[in-house]
Amino acid sequence: MRVITVATLSSLARARALASSLQRHAPTWSLEVVLVACEEVVKAEREREQTLRLRSVCQELDLDIAALLALHDEQELEVLLVPALLRRLAQQSA
């Protein structure tokens, strides 16, 4: 099973809790965290983060995250981006 979650820098702790729970209850499931941040921020977080596989929503959806953050707060973006992200990921995999 492949688990994907969308997170912001402020909700990254919840993604860590999810990763810990999955490791305990379903250790064969993989978790990917799509971070609502620009690629530079995601790269810096990847270097600091040892437990999560982080991906950038900007890279996945080819977005200008700064423009989106000017229009929506982080929590709104988490919800708004999920359908487009799921559609893109479904197109990429069988």
Open item on the list: On the basis of being at pLDDT 90 or above, surrounded by 10 or more Cβ atoms within 10 Å (Cβ to Cβ) and under 12 Å from the mean Cα position of the chain (by Cα), does Arg88 make the cut?
Closed with: no
Open item on the list: Given the condition assigned to a loop (DSSP other than H, G, I, E, B), under 14 Å from the mean Cα position of the chain (by Cα) and of a type outside the set (Val, Ile, Thr), answer yes or no: does some residue in the range 48-56 qualify?
Closed with: yes
TODO: Answer yes or no: is there a residue in the range 41-51 that is farther than 30 Å from Ala67 by Cβ and free of Cβ contacts under 8 Å to residues at least 24 places away in the same chain.
DONE: yes
TODO: Could you tell me which residue of the range 75-85 is most open to solvent (accessible area, probe 1.4 Å), considering only residues that are in contact (Cβ under 8 Å) with a residue 40 or more places away in the chain and under 12 Å from the mean Cα position of the chain (by Cα)?
DONE: Val82
Open item on the list: Can you pull out every residue in the range 38-58 that is modelled with pLDDT of 90 or more and open to solvent by 100 Å² or more (accessible area, probe 1.4 Å)?
Closed with: Glu40, Lys43, Glu47, Arg48, Arg53
TODO: Considering every residue within the range 4-21, establish whether at least one is touching an Asp or Glu at 6+ places or on another chain (Cβ under 6 Å), more than 21 Å from Gln92 (Cα to Cα), touching a residue at least 24 places away in the same chain (Cβ under 8 Å) and in a loop (DSSP other than H, G, I, E, B).
DONE: yes
Task: Considering residues of the range 59-69 that are modelled with pLDDT under 90 and part of a helix (DSSP H, G or I) only, the residue surrounded by the fewest Cβ atoms within 10 Å (Cβ to Cβ) - done: Ala66
Task: Residue selected from the range 1-45 under the condition charged (D, E, K, R) and out of contact with any strand residue (DSSP E or B) (no Cβ under 6 Å at 6 or more places or on another chain), by the criterion farthest from Val57 (Cα to Cα) - done: Arg24
TODO: Determine whether the range 28-39 contains at least one residue that is at negative phi and assigned to a helix (DSSP H, G or I).
DONE: yes
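The values are calculated or read from the model by the stated rules, or taken from the named source; none is laboratory data. All figures in this text were calculated on a predicted structure; none of them were measured in a lab. When we count neighbours, we look across all protein chains shown, and the Cβ atoms used for this are built from the backbone with ideal geometry, even at glycine. The protein model used for the area step is the full one, side chains on, heavy atoms only, and it has no ligands, DNA or RNA in it. Shrake-Rupley method; radii C 1.70, N 1.55, O 1.52, S 1.80 Å.
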